[in-house]
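Undergrad: Mind having a look at this structure? Questions to follow.
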Amino acid sequence: MTQISSSPSLLRLAGLPYFLIAFVARLPFAMMVVGVLTIVVSVRESLALGGLTSAVVGLGTALVGPFLGAAADRYGQRLVLVAAAVLNSTMLAAFALVVYSPAGDAPVLLVAFAIGATAPQVSPMSRSRLVTIIDERMPESRRARTTSATMSYESAADESVFVFGPFLVGALASFIAPWAPMVLASALTLLFVGAFALHPTGRHVSITRAADGSAPSAASELFRPVLLVVVAGIFGVGLFFGSTLTALTSFMADRGLPEQAGLLYGVMGIGSAILALGVAWLPPRFTLHARWVFFGSILLIGSVLVATASEVWMIALALAILGIGVGPVLVTLYSLGAARSPLGRSATVMTMLGSGVVVGQAAAAAVTGALAEGVGTSASLLMPLAASVVVVLCGILNRFLSAVRR
């Protein structure tokens, strides 16, 4: 974080407690889809139902998440996040009760939708806060470099929790009970998302907003092709996350250890988090467009190895290679999203991107789970490859759209 700690320091402007609180506050979001999948598969003994339930979580996030971002842009983040923290904490705890109850599948799916709909958008809200601070309180000559470093840090933080989250879910489910991850996520949401909401930076509303809270840019600017292609690309990353984890769950279930899939998943995250931080040091001539295609291609290579793996060590090697690609791709996509955000709508854009990851993750979990149960593990191991193709194709389309825009 050396790029963001020199004077005037973003670390000094936001405060060290902010970064610590924001890091822990995003952990329940990372545990959400995996925790739902794990508890349903363990208790209801159906990988297909687990994947479908995860998809319903993503549907709730897709339908409601961007509206939470728009509300935060207009009214400030504090009110939106406090309400979301209380509701989501309640839904997470309720889900554990419903899954263990004799109730049918419909109540399980209903509460899962509520979990997604009330999910606090900590990660995109944090990006929005920091980007706004950079744009309004730092010299113009340092904004681009500081934004790049900030996106690197934020993506590394996301990578860390998206790896540690499944790892924690796997550990708690293995050594305590399948309900333990949901209860912990409920407690963390109430305490740390609440603290994130009440942090002094939560009062900040962009100065580009008018007195009545309206934005100077039209809502139609959110649907420009150069921005939508970034959303599509990050949706592909979400597909990659969801398909990889679900395929790993099926792979380990064949060996009688489905709850250890999260532990194996952690192999990918180590290199991913390190490489995400390292993106800030890449030379400017290695453009965002080129980075997207280059690191997306590494995802393709690793996914081919996943599709052909037959032993645990082969899967572990493939995951280590995948970690080299996925972290930098995430940094690149969030950096492009920040650069292309319409004035006064940064929280909306960042929430669209954050929702894209969760929706992709949940949709892929549903499809991959159905494939694993209906066709077999070998079919499910092809899904990360399909997701990687989506990421690379969107990167190529982005290059074309950017050239047309210029």
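The values are calculated or read from the model by the stated rules, or taken from the named source; none is laboratory data. Since this is a predicted model, take the numbers as computed values, not measurements. Cβ placement follows ideal geometry from the backbone for every residue including glycine, while neighbour counts extend to all protein chains displayed. Ligands, DNA and RNA are stripped out before the accessible areas are found, and what is left, the full protein with its side chains, is counted by its heavy atoms. Shrake-Rupley method; radii C 1.70, N 1.55, O 1.52, S 1.80 Å.
Undergrad: How many residues does segment 368-380 contain that are out of contact with any Gly (no Cβ under 7 Å at 6 or more places or on another chain) and either more than 18 Å from L37 (Cβ to Cβ) or open to solvent by 10 Å² or more (accessible area, probe 1.4 Å) (or both)?
TA: Quick first cut of segment 368-380, residues out of contact with any Gly (no Cβ under 7 Å at 6 or more places or on another chain) only: 371-380.
Subset that is either more than 18 Å from L37 (Cβ to Cβ) or open to solvent by 10 Å² or more (accessible area, probe 1.4 Å) (or both): 371-379.
So the answer is 9.
Undergrad: Of all helices (runs of 4 or more DSSP H) completely enclosed by segment 307-406, which ones contain at least 3 residues that are among the hydroxyl-bearing types (S, T, Y)? Quick ask: steps written out before the conclusion?
TA: Values: elements: 312-339, 346-374, 377-380, 383-405.
Passing ranges, in order: 312-339, 346-374, 377-380.
Undergrad: Taking only pairs six or more apart or across chains, which ones have beta-carbon atoms under 9 Å, a first residue in segment 305-320 that is at positive phi and small (G, A, S), and a second residue that is open to solvent by 60 Å² or more (accessible area, probe 1.4 Å) and assigned to a loop (DSSP other than H, G, I, E, B)?
TA: Going by the 9 Å Cβ cut-off, there are no qualifying pairs.
Undergrad: Here's another thing I want to ask about it. Output yes when any residue across segment 24-43 is out of contact with any strand residue (DSSP E or B) (no Cβ under 8 Å at 6 or more places or on another chain), surrounded by fewer than 19 Cβ atoms within 10 Å (Cβ to Cβ) and more than 23 Å from A261 (Cβ to Cβ), and no when none is.
TA: yes
Undergrad: Which one of these is of a type in the set (S, T, N, Q), closer than 30 Å to E45 by Cα and crowded, with 21+ Cβ neighbours inside 10 Å: S89, S128, S123?
TA: Numbers: S128 fails: closer than 30 Å to E45 by Cα; S123 fails: closer than 30 Å to E45 by Cα.
Only one candidate passes the filter, namely S89.
Undergrad: Could you list all residues from segment 321-343 that are of a type in the set (G, A, S) and open to solvent by 10 Å² or more (accessible area, probe 1.4 Å)? Walk me through how you get there before you give the answer.
TA: Of segment 321-343, the ones of a type in the set (G, A, S) are 323, 325, 327, 335, 337-339, 341.
Across segment 321-343, the qualifying residues are S335, A338, A339, S341.
Undergrad: Looking at L275, is it open to solvent by 30 Å² or more (accessible area, probe 1.4 Å), without any contact (Cβ under 8 Å) to a residue 24 or more places away in the chain and not β-branched (V, I, T)?
TA: Values: open to solvent by 30 Å² or more (accessible area, probe 1.4 Å): yes; without any contact (Cβ under 8 Å) to a residue 24 or more places away in the chain: no; not β-branched (V, I, T): yes.
No; evaluated as a whole, the condition is false for this residue.
Undergrad: Ok, one more. Quick one: which residue in V80, V98 is farther than 21 Å from G242 by Cα, buried (at least 24 other Cβ atoms within 10 Å of the Cβ) and among the hydrophobic types (A, V, I, L, M, F, W, C)? Even if it seems obvious, please write down each step before you answer.
TA: Working: V98 fails: buried (at least 24 other Cβ atoms within 10 Å of the Cβ).
So the residue among V80, V98 that is farther than 21 Å from G242 by Cα, buried (at least 24 other Cβ atoms within 10 Å of the Cβ) and among the hydrophobic types (A, V, I, L, M, F, W, C) is V80.
Undergrad: Still on this structure, please answer the following. Considering only segment 105-116, I want to know if a residue exists there that is under 30 Å from T332 (Cβ atoms) and either assigned to a helix (DSSP H, G or I) or open to solvent by 10 Å² or more (accessible area, probe 1.4 Å) (or both). Show your work before the answer.
TA: Kept after step one, since they are under 30 Å from T332 (Cβ atoms), are these residues of segment 105-116: 115-116.
Going one step further and asking which of them are either assigned to a helix (DSSP H, G or I) or open to solvent by 10 Å² or more (accessible area, probe 1.4 Å) (or both), we end up with 115-116.
Scanning segment 105-116 turns up at least one residue that is under 30 Å from T332 (Cβ atoms) and either assigned to a helix (DSSP H, G or I) or open to solvent by 10 Å² or more (accessible area, probe 1.4 Å) (or both).
Undergrad: Quick check, is F19 modelled with pLDDT of 85 or more, in a helix (DSSP H, G or I) and not small (G, A, S)? I'd like the intermediate steps shown before the answer.
TA: Numbers: modelled with pLDDT of 85 or more: yes; in a helix (DSSP H, G or I): yes; not small (G, A, S): yes.
It is true that F19 is modelled with pLDDT of 85 or more, in a helix (DSSP H, G or I) and not small (G, A, S).
Undergrad: Let me ask something else about it. Quick one: which of L257, L300 is open to solvent by 20 Å² or more (accessible area, probe 1.4 Å), of a type outside the set (D, E) and in contact with a helix residue (DSSP H, G or I) (Cβ under 7 Å, 6 or more places away or on another chain)? Outline the logic, then answer.
TA: Numbers: L257 fails: in contact with a helix residue (DSSP H, G or I) (Cβ under 7 Å, 6 or more places away or on another chain).
After ruling out the rest, the residue left standing is L300.
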